[in-house]
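Remarks on the structure that follows.
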Amino acid sequence: MSVVIVIPARHASTRYPGKPLVQLRGATGEGLSLIRRSWEAARAVQGVDRVIVATDDARIRDHAAGFGAEVAMTSTAARNGTERCAEAVANLGLAPEIVVNLQGDAPLTPSWFVEDLVAGLRADPGADVATPVLRCSGAMRSDLIADRVAGRVGGTTAVFGHDRRALYFSKEVIPFAAADFGPSEPTPVFHHVGVYAYRPAALAEYPTWDEGRLEALEGLEQLRFLERGRRILCVEVEAKGREFWELNNPSDVPKLEAMMSRMGIA
């Protein structure tokens, strides 16, 4: 087995309880749940052997099984999506080359984001984890800043070195730039796309570590790898005309629906 995608989903989200079951209307007006749209996004990725929804909630299990998804039940002890992925892989006895964590709140993730991510990890044997980053336009940067000004926890940004190794991830908009940017102008800010590709050994070790100090402050699971000295490769991906946003807050629902309408996603 080469590549397995695991979609971690929990009902008891602190910021948005029941989020995986929220209905999103596409361009045709049809409503499909967030978890189903994320599952369909995962199934569109080429070169994947298996797509698994990992959850600790019977409501999500029954709903996902109802539309044909393979479901792995995990414990309530998982502290984040990475731990849930690790538990699902271990419980199922899987031994893939790469495990992809496609988080259940990112249904607009284009298939090539994941394909480029897997290719990037394969090409860099020194990396333990890989994750996509998308250069922000002026408009996207403004949206991220607007979330922070309004006190909302929105998207995450990433900074990395010349070798593309991650230096830090934050829910603040970093790096700071004093300049103004036009709506379509590229900026020095990179939006972190909530997808991870792990080497199985690094994924299996992750739950054995205590939660990191920075991880706890930012609420970002990937910082545990950095705090333990593990190397995260940032793979720059191209939007190719696609809009991207994650569902973090209830106010993101109409935003995602408008994006799907503009892009003709049913």
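Before we move on, is Arg135 open to solvent by 50 Å² or more (accessible area, probe 1.4 Å), of a type in the set (D, E, K, R) and part of a loop (DSSP other than H, G, I, E, B)? Considered against the rule, which asks whether it is open to solvent by 50 Å² or more (accessible area, probe 1.4 Å), of a type in the set (D, E, K, R) and part of a loop (DSSP other than H, G, I, E, B), Arg135 comes out as no. Of the residues making up segment 147-162, those that are open to solvent by less than 60 Å² (accessible area, probe 1.4 Å) and either touching a Gly at 6+ places or on another chain (Cβ under 8 Å) or in a strand (DSSP E or B) (or both) are Asp147, Val153, Thr156, Thr157, Ala158, Val159, Phe160.
Would you say Gly68 is touching a residue at least 40 places away in the same chain (Cβ under 8 Å), of a type in the set (Gly, Ala, Ser), in a loop (DSSP other than H, G, I, E, B) and more than 23 Å from Thr208 (Cβ to Cβ)? Taking the combined requirement at face value, the residue does not satisfy it. So how many residues does segment 120-132 have that are surrounded by fewer than 19 Cβ atoms within 10 Å (Cβ to Cβ) and either part of a loop (DSSP other than H, G, I, E, B) or in contact (Cβ under 8 Å) with a residue 60 or more places away in the chain (or both)? Qualifying residue count, segment 120-132: 3.
Taking (1) outside any helix (DSSP H, G or I); (2) in contact (Cβ under 8 Å) with a residue 24 or more places away in the chain; (3) touching a strand residue (DSSP E or B) at 6+ places or on another chain (Cβ under 7 Å) in turn, Ala95 satisfies each apart from (3). Of all residues in segment 180-195, exactly one satisfies the criterion of being under 24 Å from Ser111 (Cα atoms), open to solvent by 10 Å² or more (accessible area, probe 1.4 Å) and of a type in the set (Gly, Ala, Ser), namely Ser184.
Return the residue satisfying two criteria in turn: it lies in segment 26-67 and is of a type in the set (Gly, Ala, Ser) and open to solvent by 20 Å² or more (accessible area, probe 1.4 Å), and of such residues it is nearest to Thr82 (Cα to Cα). My answer is Ala58.
Quick one: is Val114 farther than 17 Å from Gly161 by Cα, outside any helix (DSSP H, G or I) and within 14 Å of the chain's Cα centre (by Cα)? Considered against the rule, which asks whether it is farther than 17 Å from Gly161 by Cα, outside any helix (DSSP H, G or I) and within 14 Å of the chain's Cα centre (by Cα), Val114 comes out as no.
Considering the conditions (1) surrounded by 20 or more Cβ atoms within 10 Å (Cβ to Cβ); (2) not in a helix (DSSP H, G or I), Thr76 is excluded by exactly one of them, (1).
The values are calculated or read from the model by the stated rules, or taken from the named source; none is laboratory data. Please read all numbers here as calculations on a predicted model, not as lab measurements. Reconstructed Cβ throughout: ideal geometry from the backbone, glycine too, with neighbour counts over all protein chains shown. To get the accessible areas, we keep the full protein, side chains included, count just its heavy atoms, and leave off ligands, DNA and RNA. Shrake-Rupley method; radii C 1.70, N 1.55, O 1.52, S 1.80 Å.
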